[in-house]
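These notes are about the structure you will find just below.
The values are calculated or read from the model by the stated rules, or taken from the named source; none is laboratory data. Because the structure is a prediction, the values reported are computed rather than measured. Reconstructed Cβ throughout: ideal geometry from the backbone, glycine too, with neighbour counts over all protein chains shown.
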Amino acid sequence: MKMSMSYLSRDDIQIRITIKPTDKYLCQATVIFFGVIETHGWRVMKSTKMHERFGEYLWVQGPRIPWGKKAYKEIVYINDKRTWELIHEMIYDAYAMKRSNEDSHEVTQGTERDELTKSEEVNPDDIPF
């Protein structure tokens, strides 16, 4: 009798994202199950096709190793489709949030620099003694 993996919830899974955009990759991800089992090598990749659920030109790839000539073997396999989709969704959500935070952080840094520049242009006669 074949047993299938039980369905996991968002509470059972954590995602860590490292954004390192290249010609092929948008980011790398670590998926942590139950706070103790870390799986490295997940990637969000650029794609020529729009992802049907995420609405962007990307796809999520699980960890894999070279297996013969021009072939790869998945080294993490989730046999429950709902769990597999949940992991992809959580990776995408974490990537989108990290990307958004980095974009807003850059804007914030730019704003702070502008404020510092403005504060240096103070007329000494305007300073009360």
Take region 4-59 and flag every residue that is among the aliphatic types (A, V, I, L, M) and assigned to a loop (DSSP other than H, G, I, E, B). Met5, Leu8, Ile19, Val36, Met50
Could you please let me know if Gln61 is surrounded by 15 or more Cβ atoms within 10 Å (Cβ to Cβ), among the polar types (S, T, N, Q) and touching a Ser or Thr at 6+ places or on another chain (Cβ under 7 Å)? no
Go through (1) touching a residue at least 12 places away in the same chain (Cβ under 8 Å); (2) in a strand (DSSP E or B) for Ile65 and report which single condition fails. (1)
In region 77-109, how many residues are modelled with pLDDT of 90 or more and surrounded by 13 or more Cβ atoms within 10 Å (Cβ to Cβ)? 15
